[in-house]
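Participant: The structure's right below; bear with me while I get my questions together.
The values are calculated or read from the model by the stated rules, or taken from the named source; none is laboratory data. Note that the coordinates shown come from a computational prediction; the quantities given were computed from them, not determined experimentally. Positions of Cβ are backbone-derived with ideal geometry, glycine not excepted, and every protein chain shown enters the neighbour counts. These accessible areas exclude ligands, DNA and RNA; they are computed on the full protein's heavy atoms, side chains included. Shrake-Rupley method; radii C 1.70, N 1.55, O 1.52, S 1.80 Å.
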Amino acid sequence: LANQEKLRRASPDRARALLGRSATAEADPNVLIFAARLAGVRRDRRAVRPLCRLLGHPRPEVRDAVLGALGEVGDRSAVRPIVDGVDDDDPMELVRVLAVLARLGGPEAAAYLELIAAGHDNAEVRRIAANARGRLAQAGR
């Protein structure tokens, strides 16, 4: 909690530096989760690169916080790292990724949503991807 309180009061530059230095499995996952959420709340576009490096973190709760933060920031430069890092065989993670991609939008996100909607093994995942693709099209993103 003390680290989180320090981070809450930290400048965006300091918070980004923590994300960048902490992209290891040894870093405190709670601090990473908090830092990711803080970057999302602040909509800190300069945090996108360090956040993307955390997409491969071994802890699913860290990856989930990072995905949420990237969706909040809204920078489409995160689409490629998200798509490259997703585990297509993990339906829970994939569904979270689909929601973030629908929020970010852009041609690359739309193409990935279409790919999953057309050919994933899991019918429910295909349905969710098709719905996400539809929302993206309706929003004109």
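Participant: Could you count how many residues in the stretch 69-85 are buried (at least 19 other Cβ atoms within 10 Å of the Cβ) and either touching a strand residue (DSSP E or B) at 6+ places or on another chain (Cβ under 9 Å) or more than 13 Å from Ala109 (Cα to Cα) (or both)?
Facilitator: Of the residues in the stretch 69-85, 3 are buried (at least 19 other Cβ atoms within 10 Å of the Cβ) and either touching a strand residue (DSSP E or B) at 6+ places or on another chain (Cβ under 9 Å) or more than 13 Å from Ala109 (Cα to Cα) (or both).
Participant: Look through the stretch 45-61, keep the residues that are among the charged types (D, E, K, R) and over 12 Å from the mean Cα position of the chain (by Cα), and return whichever of them is most open to solvent (accessible area, probe 1.4 Å).
Facilitator: Arg46
Participant: Output the number of the condition that Glu124 fails; it satisfies all remaining conditions of (1) touching a helix residue (DSSP H, G or I) at 6+ places or on another chain (Cβ under 6 Å); (2) over 19 Å from Phe34 (Cβ atoms); (3) open to solvent by 10 Å² or more (accessible area, probe 1.4 Å).
Facilitator: (1)
Participant: Considering only residues that are among the aliphatic types (A, V, I, L, M) and outside any helix (DSSP H, G or I), which ones fall in the stretch 61-109?
Facilitator: In the first step, residues of the stretch 61-109 are kept if they are among the aliphatic types (A, V, I, L, M); the result is 62, 65-67, 69-70, 73, 78-79, 82-83, 86, 92, 94-95, 97-102, 104, 109.
Scanning the stretch 61-109 gives a single hit, Val86.
Participant: Going through the stretch 88-109 one residue at a time, which ones are open to solvent by 10 Å² or more (accessible area, probe 1.4 Å), more than 13 Å from the chain's Cα centre (by Cα) and touching a residue at least 12 places away in the same chain (Cβ under 8 Å)? Even if it seems obvious, please write down each step before you answer.
Facilitator: Step one: filter the stretch 88-109 for residues open to solvent by 10 Å² or more (accessible area, probe 1.4 Å), giving 88-93, 95-96, 99, 103, 107-108.
Now narrow it down to the ones that are more than 13 Å from the chain's Cα centre (by Cα): 88-92, 107-108.
Answer for the stretch 88-109, where residues must be open to solvent by 10 Å² or more (accessible area, probe 1.4 Å), more than 13 Å from the chain's Cα centre (by Cα) and touching a residue at least 12 places away in the same chain (Cβ under 8 Å): Asp88, Pro91, Glu108.
A quick yes/no check of all residues on (1) surrounded by 12 or more Cβ atoms within 10 Å (Cβ to Cβ); (2) modelled with pLDDT under 90; (3) of a type in the set (Gly, Ala, Ser); (4) within 15 Å of Gly85 (Cα to Cα):
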residue	(1), (2), (3), (4)
Ala2	no, yes, yes, no
Arg9	no, yes, no, no
Arg16	yes, yes, no, no
Ala27	yes, yes, yes, no
Ala36	yes, no, yes, no
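Participant: Give just the number: which of (1) outside any helix (DSSP H, G or I); (2) buried (at least 21 other Cβ atoms within 10 Å of the Cβ); (3) not β-branched (Val, Ile, Thr) does Leu113 not satisfy?
Facilitator: (1)
Participant: If you check Ala118 against the conditions, is it farther than 15 Å from Leu67 by Cβ and in contact with a helix residue (DSSP H, G or I) (Cβ under 8 Å, 6 or more places away or on another chain)?
Facilitator: Yes: the conditions hold for Ala118.
Participant: Kindly list, by first and then second residue, each pair from a residue in the stretch 121-141 that is in a helix (DSSP H, G or I) to a residue that is open to solvent by less than 80 Å² (accessible area, probe 1.4 Å) and among the acidic types (Asp, Glu), limited to pairs with Cβ atoms under 9 Å and residues at least 6 apart or on different chains.
Facilitator: Val125/Asp88
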